[in-house]
1. Spelling out what I want: for every residue of region 58-69, take phi, set θ = phi - 60°, compute 6.51 cos²θ - 1.76 cosθ + 1.60 (Karplus), and round to whole Hz; glycine and proline get x.
2. Once phi is turned into θ = phi - 60°, what whole-Hz ³J(HN,Hα) does the Karplus curve with 6.51, -1.76 and 1.60 give for every residue of region 7-24, x standing for Gly and Pro?
3. What is the local net charge at residue 69, summed over the other residues whose Cβ is closer than 10 Å to its Cβ (Lys, Arg +1; Asp, Glu -1)?
4. With a sphere of radius 11 Å drawn around the Cβ of residue 38, what net charge do the other residues whose Cβ falls strictly inside it have (Lys, Arg +1; Asp, Glu -1)?
5. Which order do peptides 7-13, 20-26, 45-51 fall in by mean Cβ count within 10 Å, highest first?
6. Express in % the proportion of alpha carbon pairs of region 12-75 at distances exceeding 13 Å.
7. May I ask for the net charge around residue 58, where only other residues with Cβ less than 14 Å from the Cβ of residue 58 are counted and Lys, Arg are +1 while Asp, Glu are -1?
Amino acid sequence: MEKITPDDPKGLIYEAFRIEGITKSECRTIFLEWALSLGVGRETHSAMRRLLEAHGQDADHPMSEVISEGLYSIATPQRRGGWRSRKRD
């Protein structure tokens, strides 16, 4: 398995799965850095699926959980309210 791939240009996800005792919080930080390293125009949803297939054999690993949560939250975007979204009477 290659460390550097188009889906993991800095090898961050690869390395995260190999760190013993890594926490979910640390995985979230790595995941954010990974997302920022993809660059504009990359399809993150497809990349996350491929990364899970390549590295996520251990479903209990914190990075597997973080990526899975990312897949869910990207698949179900929610509108954020604000002062502009309030109805005026």
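1. So the Karplus estimates, Gly and Pro as x, are 8, 5, 8, 5, x, 5, 4, 5, 5, 5, 4, 4 Hz.
2. 7, 9, x, 10, x, 5, 5, 3, 5, 4, 5, 9, 8, 5, x, 5, 9, 5
3. Numbers: positive: 24, 28; negative: 65.
Spelling it out: positives minus negatives among the neighbours equals +1.
4. Working: positive: 10, 42; negative: 7, 8, 33, 43.
Local charge sum for residue 38: -2.
5. Values: 7-13: 19.0, 20-26: 10.7, 45-51: 16.7.
So the peptides 7-13, 20-26, 45-51, ranked by packing, come out 7-13, 45-51, 20-26.
6. Details: 1185 of 2016 pairs.
For region 12-75, the share of Cα pairs beyond 13 Å comes to 59 percent.
7. Values: positive: 18, 24; negative: 20, 53, 60, 65.
Local charge sum for residue 58: -2.
The numbers here are math on the coordinates, done by the rules we state, and not lab data. Since this is a predicted model, take the numbers as computed values, not measurements. With ideal geometry, Cβ positions are generated from the backbone for all residues, glycine too; neighbour counts draw on all protein chains shown.
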